[in-house]
Amino acid sequence: MLHIHNGDSTAASAKRANIEGRHVPFRETLITGPVRAGLSSHDWIEERARFLSESYDQNLLRVRTELLDQEQVIDQARYEDEIVLWFEHDLFCLINFLYLLGRLSKARHLSVIWCPSPLGIMEEEELFNVFNSRAAVPPAMLRSGAEAWKAYTSDDATALNRFIGKDSGDFAFLRDGFRLHGSRFPSVRNGLGEVEKRAMEGIMAGSTDFLSLFTRFDQSPPRFGFGDGEFLRHLRKLASCAVPVITITEVEGENPPKALFAVTPVGQTILDGKADFIDLNNADFWLGGAHLTRERMWRWDEQRQVVVASRSAG
């Protein structure tokens, strides 16, 4: 039996709970960077490795090797008597879960623990009970998952709207997760995605250090599912873009080092809807399979709850 977990913490806890089988964490962050359909295995690993290495200041060779090893584990998993996927209801887990559902759809016996509560904070006895409640992945979930993955990796972000606007009774949290993903696109109101907006509003509300800001950003239960490294990457982007909307000030004499955040006057103007973040800062980033640039842009219409192609996207 092979268990694939949503992170190292859950994998370690499941081992301590003496749950039979081999426990491995799935170490990817497919909610960030290019996630394109139609790539060869080699090109997929190379593109992901370069993005992760550059974005998180990691050694490229090490990241590439870890991704190759992980993909080999997934390739060999089809020969296991049973595979158990352990994931929870947040956006981070959802996208990784969709990927694994597709990769393992031909497995002999694929089981799932698709949990509405955070797995990483459960006691060992609770994890054991959750394990005993696992169920075989139903065909309807596999079909919905394959279609959702196709929409997520599409180079046209409006493909997401099919899942944003329709509840999938055979796949809990799929609609809510895709709405969260849609909200990450620049707003039609001011060009800020929901992640950036929440961060800036938190700073304005007085959460000016990282710990309090991170805690406030995605309060329990977490639904974006970002780790601290991913959240910090977003903050650094807001501070280092052509027209910065926040500042990051290192506090001297603190051990460990501490940073304080503040919203710039331009940032306040954007929050007020009097300027547009994308108009002031050239876009060049990926959300799933969609590459957002000045020439090709999609935005989130919060009132209508849809992703729309902006004028520049044609």
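Could you please find all residues in region 103-142 being open to solvent by less than 50 Å² (accessible area, probe 1.4 Å) and part of a helix (DSSP H, G or I)?
LEU127, VAL130, PHE131, ALA140, MET141, LEU142
Looking only at residues that are of a type in the set (Lys, Arg) and farther than 15 Å from PHE131 by Cβ in region 11-42, which one is most open to solvent (accessible area, probe 1.4 Å)? Explain how you work it out, then say what you get.
We begin by selecting, within region 11-42, every residue of a type in the set (Lys, Arg); these are 15-16, 22, 27, 36.
Keeping just the survivors that are farther than 15 Å from PHE131 by Cβ gives 27, 36.
Numbers: ARG27: 146, ARG36: 89 Å².
Filtering region 11-42 for residues that are of a type in the set (Lys, Arg) and farther than 15 Å from PHE131 by Cβ, the one most open to solvent (accessible area, probe 1.4 Å) comes out as ARG27.
Has region 75-83 got at least one residue that is under 25 Å from LEU180 (Cα atoms) and touching a residue at least 40 places away in the same chain (Cβ under 8 Å)?
Of the residues in region 75-83, the ones under 25 Å from LEU180 (Cα atoms) are none.
No, because not a single residue in region 75-83 is under 25 Å from LEU180 (Cα atoms) and touching a residue at least 40 places away in the same chain (Cβ under 8 Å).
Can you give me the ranges of the strands (runs of 3 or more DSSP E) entirely in region 268-309 with at least 2 residues that are crowded, with 20+ Cβ neighbours inside 10 Å? Give the derivation first.
On the way: elements: 284-288, 290-293, 298-301, 306-309.
The strands (runs of 3 or more DSSP E) meeting that bar are 284-288, 290-293, 298-301.
Between a first residue in region 108-122 that is modelled with pLDDT under 95 and a second residue that is hydroxyl-bearing (Ser, Thr, Tyr), which pairs have beta carbons less than 6 Å apart while being 6 or more apart in sequence or on different chains?
Partner pairs satisfying both residue conditions: LEU119/THR10; GLY120/SER9; GLY120/THR10.
Does THR208 satisfy being surrounded by 15 or more Cβ atoms within 10 Å (Cβ to Cβ), in contact with a strand residue (DSSP E or B) (Cβ under 7 Å, 6 or more places away or on another chain) and touching a residue at least 24 places away in the same chain (Cβ under 8 Å)?
Numbers: surrounded by 15 or more Cβ atoms within 10 Å (Cβ to Cβ): yes; in contact with a strand residue (DSSP E or B) (Cβ under 7 Å, 6 or more places away or on another chain): yes; touching a residue at least 24 places away in the same chain (Cβ under 8 Å): yes.
Here the answer is yes, as THR208 does meet what is asked.
Among (1) at pLDDT 95 or above; (2) under 25 Å from the mean Cα position of the chain (by Cα); (3) within 20 Å of GLY191 (Cβ to Cβ), where does VAL266 come up short?
Checking VAL266 against (1) at pLDDT 95 or above; (2) under 25 Å from the mean Cα position of the chain (by Cα); (3) within 20 Å of GLY191 (Cβ to Cβ), the one that fails is (2).
Residues to consider are PHE171, PHE163, PHE231; find the one that is in a loop (DSSP other than H, G, I, E, B) and surrounded by 17 or more Cβ atoms within 10 Å (Cβ to Cβ). Outline the logic, then answer.
Details: PHE163 fails: in a loop (DSSP other than H, G, I, E, B); PHE231 fails: in a loop (DSSP other than H, G, I, E, B).
Checking each option against the conditions leaves just PHE171.
If we keep just the residues of region 9-32 that are assigned to a helix (DSSP H, G or I) and not hydroxyl-bearing (Ser, Thr, Tyr), which is farthest from the chain's Cα centre (by Cα)? If you could, list the steps in order and put the result at the bottom.
First pass over region 9-32, keeping only residues assigned to a helix (DSSP H, G or I): 9-16.
Next cut, not hydroxyl-bearing (Ser, Thr, Tyr) only: 11-12, 14-16.
On the way: ALA11: 19, ALA12: 22, ALA14: 23, LYS15: 25, ARG16: 27 Å.
Ranking the qualifying residues of region 9-32, first place goes to ARG16.
Go through region 211-228 and give me each residue that's open to solvent by 60 Å² or more (accessible area, probe 1.4 Å) and either under 25 Å from ILE278 (Cβ atoms) or not in a loop (DSSP other than H, G, I, E, B) (or both).
Initial filter on region 211-228 (open to solvent by 60 Å² or more (accessible area, probe 1.4 Å)): 211, 215-216, 219-220, 223, 228.
Within region 211-228, LEU211, THR215, ARG216, ARG223, ASP228 qualify.
For HIS3, only one of the following conditions fails: (1) part of a helix (DSSP H, G or I); (2) crowded, with 21+ Cβ neighbours inside 10 Å. What is its number?
Only one criterion is unmet by HIS3, namely (1).
The values are calculated or read from the model by the stated rules, or taken from the named source; none is laboratory data. Owing to the predicted nature of the structure, the values given are computational and were not obtained by experimental measurement. Using ideal geometry, Cβ is built from the backbone for each residue, glycine included, and neighbour counts are taken over all protein chains shown. The accessibility values were calculated without ligands, DNA or RNA, using every heavy atom of the protein model including side chains. Shrake-Rupley method; radii C 1.70, N 1.55, O 1.52, S 1.80 Å.
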